[in-house]
Amino acid sequence: MDGNEIGPTSATAIAEALRGNGGAVAIADALRVSGVLKTLDLTSNEIGDEGATAIADALKGNGVLTTLNLANNQIREQGAAAIAEALRGNGVLKTLDLSFISHSS
């Protein structure tokens, strides 16, 4: 969030609003219409299967995102499967990080 006049308190509030599945759904909505975002780092944002599925749906129609980092989230089998399915129709994404995702129920 460099280059703006948002203070640290406001920046923290925005970051907290975008955390978890609700935040991931909001980001997915933005990805559907974004024609410029090439890198998205959502490391350690408490994203679960619902958020991962929303991001996967957005990836199906996104033609510019080349790097997506979802490391250290609570994505399980359902979310990972949705992302895998989305990648079948996405020829643009080159780097995907799913390291340290939760494997427990």
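Values quoted throughout were computed directly from the atomic coordinates according to the rules given, and no laboratory measurement underlies them. As the structure is a prediction and not an experimental result, all values here were calculated from the model.
So what is the calculated 222 nm ellipticity per residue for the chain, using -39500 (n - 2.57) for each DSSP H run with n of 4 or more, over all residues, to the nearest 500 deg cm²/dmol? It would help to have the intermediate numbers written out before the result.
Working: 4 runs with 48 residues, N = 105.
Helix-only estimate at 222 nm: -14000 deg cm²/dmol.
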Prolate/oblate/rounded call for the chain, Cα gyration tensor, a/c under 1.5 rounded: oblate
Cα extents of the stretch 1-60 along the three principal axes, largest first (Å): 34, 25, 16
